[in-house]
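FYI, it's all coordinate maths here, none of it is from the lab. On a predicted model such as this, the values are computed, not experimentally measured, just so you know. Don't worry about glycine lacking a Cβ; one is built from the backbone with ideal geometry, like all the others, and counts go over all protein chains shown.
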Amino acid sequence: DAGVTQSPTHLIKTRGQQVTLRCSPISGHKSVSWYQQVLGQGPQFIFQYYEKEERGRGNFPDRFSARQFPNYSSELNVNALLLGDSALYLCASSSEATVYYRGTEAFFGQGTRLTVV
Amino acid sequence: KNEVEQSPQNLTAQEGEFITINCSYSVGISALHWLQQHPGGGIVSLFMLSSGKKKHGRLIATINIQEKHSSLHITASHPRDSAVYICAVNAGGTSYGKLTFGQGTILTVHP
């Protein structure tokens, strides 16, 4: 079975441009989360989608948006890129959103390394 | 102060040594995860636990809910264990799967 797949693996963009990152979750997984990892730091939560609805949003500006499709794949869009958006963007899938008082194991993709110049 | 704190930030060991990485958190949680990240960037889940202790091969993870503390132990460490080890938590309630991460511990094991 394929794991979580992300595309592209690497990307170079210019300040002010827009970028779309893609994630395909493990088959049967309905929850997709996006994280930003700046070099030397732990990942920071951006969004979570479950059953095509946004279920959580981190402390990121409105330049960041996402959506989930009927097949549960997801896209993360970033507009008006800044140098500070350079990071590894990670996608994680799980079989369900966290049910009250119970955690769910998350499976991560290899990430998309975005460089903004 | 971060909600999830790890120590140490950097750890160097000789092959065969017993290693401990610590994680403290300040929020109520439904689960705690230990993850491994290699230089390529991909993250692999090692453990998910909400109480007690789990063991996979040479890796052992423990959690003390009352003290809000978890430890990851590696017995008989090997150079291939060199990686970044990250602690992350699912906060309790309507967190819908959001993970809050520690900053990671960089482990280097020398032959």
> Where the Cα atoms of segment A:9-117 are projected onto their three principal axes, how long is each span, largest first, in whole Å?
Replying inline: 41, 30, 24
> Looking at the protein assembly as shown, what % of its DSSP beta bridges pair antiparallel, to the nearest 5?
Replying inline: 90
> With r defined as the distance between the Cβ atoms of A:N79 and B:S71 and R0 fixed at 45 Å, what FRET efficiency is calculated, to the nearest 0.05?
Replying inline: 0.60
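From largest to smallest, what semi-axes in whole angstrom does segment A:24-88 give when each is the square root of 5 times an eigenvalue of its alpha carbon gyration tensor?
Details: eigenvalues 96, 34, 21 Å².
Output for segment A:24-88: semi-axes of 22, 13, 10 Å.
Just need the Rg to Rh number for the protein assembly as shown, please, alpha carbons only, Kirkwood Rh. List each step's numbers first, then the result.
Details: Rg = 17.4 Å, Rh = 17.9 Å.
Using only Cα positions, Rg/Rh for the protein assembly as shown is 0.97.
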> Between A:N59 and B:F18, what FRET efficiency follows from the Cβ-Cβ distance if R0 is 35 Å, with the result rounded to 0.05?
Replying inline: 0.35
> Binning every alpha carbon pair distance of segment B:1-103 at 5 Å from zero, what are the percents per bin?
Replying inline: 2, 13, 24, 26, 19, 10, 4, 1, 0
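Subtracting the Cα-Cα distance from 0.36 nm times the residue separation, let me have the gained length for B:L46 to B:N10 in nm, one decimal. Mind showing how you got there, number by number?
Values: separation 36, 0.36 × 36 = 12.96 nm, distance 1.91 nm.
Here the answer is 11.0 nm.
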> When DSSP beta bridges are limited to those with both residues in chain B, what percentage is antiparallel, rounded to the nearest 5?
Replying inline: 90
>> Given points 7 Å out from each Cα along the Cα-Cβ axis, report the B:R58 to A:L39 separation in nanometres with one decimal.
In response: 3.0
> Say each of B:I106 and A:Q18 gets a label point 7 Å from the Cα, pointing the same way as Cα to Cβ; how far apart are those two points in nm?
Replying inline: 3.7
> Once label points are set 7 Å from the Cα along Cα→Cβ at both A:L11 and B:N2, what is their separation, rounded to one decimal in nm?
Replying inline: 2.6
> Once amide H atoms are built 1.01 Å from N in the peptide plane, which residues 5 or more positions from B:L46, or in another chain, come under 5 Å H to H?
Replying inline: B:W34, B:L35, B:Q36
